[in-house]
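Have a look at the structure below, then the notes.
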Amino acid sequence: MAYSKELIDHYENPRNVGSMEDGASDIGTGLVGAPACGDVMKLQIKVSADGIIEDAKFKTFGCGSAIASSSLVTEWVKGKTIDEAATIKNTDIAEELALPPVKIHCSVLAEDAIKAAIQDYKSKVATANKGQDAAE
Amino acid sequence: MTAKTWTQNNPLYLDYQATTPTDPRVVEAMNPYWTEKFGNPHSRNHHYGWEAEDAVEIARGHVADLIGASTKEIIFTSGATESNNLAIKGVAKFYGDKRNHIITCVTEHKCVLESCRALQQDGFDVTYLHVQENGLIDLDVLQAAMTDKTVLVSIMAVNNEIGVIQPLKEIGQMCRANKTFFHTDAAQAVGKIPLDVDDMNIDLLSISGHKVYGPMGIGALYVRRKPRVRLVPLIHGGGQERAMRSGTLPTPLVVGLGKACELASKEMAAEAERLHGFQDRLFAGLKERIPEIFLNGDLVHRIPGNLNISFAYVEGEGLMMGIKDLAVSSGSACTSASLEPSYVLRALGVEEELAHTSLRLGLGRFTTEEDIDYAVERIAKEVNRLRELSPLWDMAQAGIDIKSIKWAEH
């Protein structure tokens with residue numbers, strides 16, 4: 001099975017590897033997959049006050065396709081609004097990396113990771129707003 | 001460091017349980033039988049047939065010698081899969097009227113398990129023994145499973161994934177005492193460890209050509225003559241191979257298997273000693289360079305040419321992509337549709353997350369000490385790189401038990 005140049009590049013030189021402080025109010029964290037299934041992705045986004053994703057980091061346990069998919073989405077989400085980022089489809093990821101059919105689930109997981117990170121950020125904002133409302 | 005350079009298209013071969021390269025001396029022995037001595041070994045009327053038949057019988061002798069059998073007890077087949085099918089189905093169908101129970105083990109090769117499943121469809125009872133954490137069967141459990149209806153026990157000599165050696169002699173004694181036939185799939189054992197069908201009370205033994213530096217497409221089945229084991233053939237025809245396996249014998253392949261067995265008889269002891277040294281060096285090197293690695297299967301009751309190791313927190317297929325200048329295999333099954341990791345590792349009680357991180361490293365006749373050092377270097381570098389990418393490694397370093405997290409199974 002021959003992998004695409006793009007996939008191999010992301011696997012060998014993954015972008016935006018790392019972690020950001022989970023507790024911070026401007027950070028959203030998505031942790032998806034399961035060790036028993038052989039794939040776990042942690043994707044984090046740092047969101048500005050006007051809803052722009054300023055930074056993204058990932059760590060992934062999984063095959064080369066899973067690592068490349070998560071690396072790719074960290075590049076894609078940066079500079080996007082959270083609503084724009086939420087529209088990224090697994091098919092876009094699969095197409096960009098030319099994933100073979102047995103690896104499509106890796107792109108699905110990457111899409112789930114973005115959505116989970118956005119959801120986490122939104123729920124933090126909602127909690128904070130509620131706190132503010134109560135204070136006012 | 002090695003003078004050779006290994007690349008993706010010319011990787012260092014460390015997958016000797018998948019297949020072994022044909023020994024050049026084997027190829028040389030086979031060569032004349034393609035063109036010059038091309039006769040049908042079953043032709044009884046001219047020189048071409050006679051010389052082919054002579055070559056086949058010499059080869060049969062070498063195969064027999066390697067396992068302590070006599071020449072009349074060796075049946076040539078297309079490989080160990082056919083031998084296993086013939087042994088299991090052949091015995092079951094011959095004796096099934098009186099005895100219809102078979103015992104095998106959950107870590108057997110698929111061709112044994114599937115043969116047994118097929119017999120279940122035909123009404124046979126099959127017991128699939130579990131294995132202990134070290135990969136070996138529990139002899140007391142085997143004893144307890146045997147009844148007066150047990151016609152056959154089929155337990156492999158050496159496991160293809162984890163290299164563990166089952167207690168053949170003890171199993172053979174139990175079977176003989178119960179008047180049950182003992183079949184062993186010895187594809188991974190022949191030429192690796194000493195085997196003696198009389199000493200071990202083995203009644204049927206399967207051999208593969210390409211696992212013993214012989215050619216692909218040839219194998220053999222040992223079928224005991226005293227006391228006699230009878231089989232219903234799978235393939236009917238001209239009655240070759242004592243009517244147990246019809247079809248024209250492929251003389252060049254038979255000669256190749258014979259030569260491979262002859263070489264194994266002469267060189268096995270020295271080769272095993274050399275590979276033991278390499279196995280120790282490889283395992284010690286990896287342990288020194290990489291924390292938290294786990295050997296799957298017993299270390300002592302194991303052939304010297306195999307290590308199966310879980311590199312916790314790094315997924316096996318992802319790891320293989322990083323070490324593409326090494327030809328190895330993984331217990332992770334992410335390429336298969338099921339996403340299920342190795343059934344053999346699962347049977348040992350290896351947890352799924354660790355099963356996904358395993359590599360099988362197979363060493364053999366053409367492995368060198370430089371190869372071992374190169375493999376240690378490459379694997380250590382890549383495991384450590386991928387752990388830096390692994391959220392599970394982070395959690396482990398932070399003291400978080402990954403089992404305490406509620407994962408969404410997908």
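Among residues of region A:107-121 being surrounded by fewer than 24 Cβ atoms within 10 Å (Cβ to Cβ) and out of contact with any helix residue (DSSP H, G or I) (no Cβ under 7 Å at 6 or more places or on another chain), the one that is nearest to A:SER70 (Cα to Cα) is A:ASP112.
The set of residues from region B:23-66 being closer than 19 Å to B:CYS261 by Cβ and outside any helix (DSSP H, G or I) comprises B:ASP23, B:ASN31, B:PRO41.
Does B:ILE293 meet the test of being more than 14 Å from chain A (Cβ to nearest Cβ), closer than 23 Å to B:LYS403 by Cα, touching a strand residue (DSSP E or B) at 6+ places or on another chain (Cβ under 6 Å) and at pLDDT 95 or above? Judged against the criteria, B:ILE293 is a match. Against the list (1) in contact with a strand residue (DSSP E or B) (Cβ under 8 Å, 6 or more places away or on another chain); (2) within 9 Å of chain B (Cβ to nearest Cβ), the condition A:THR81 fails is (2). In summary, B:GLN17 fulfils each of the numbered conditions (1) touching a residue at least 60 places away in the same chain (Cβ under 8 Å); (2) over 27 Å from B:LEU307 (Cβ atoms) with the single exception of condition (2).
Here is the figure for region A:1-38: residues that are more than 11 Å from chain B (Cβ to nearest Cβ), in contact (Cβ under 8 Å) with a residue 60 or more places away in the chain and among the hydrophobic types (A, V, I, L, M, F, W, C) total 1. Just to be sure before I move on: is B:VAL126 at pLDDT 95 or above, buried (at least 24 other Cβ atoms within 10 Å of the Cβ) and either part of a strand (DSSP E or B) or of a type outside the set (Gly, Ala, Ser) (or both) in the structure I sent? Answer is no for this residue.
Determine whether A:VAL47 is more than 21 Å from B:ALA408 (Cβ to Cβ), within 14 Å of the chain's Cα centre (by Cα) and either more than 9 Å from chain B (Cβ to nearest Cβ) or among the aliphatic types (A, V, I, L, M) (or both). Answer is yes for this residue.
The values are calculated or read from the model by the stated rules, or taken from the named source; none is laboratory data. In this text, all values refer to a predicted model and were calculated from it rather than measured experimentally. Neighbour counts are summed over all protein chains in view; Cβ atoms, including those assigned to glycine, are modelled from backbone coordinates with ideal geometry.
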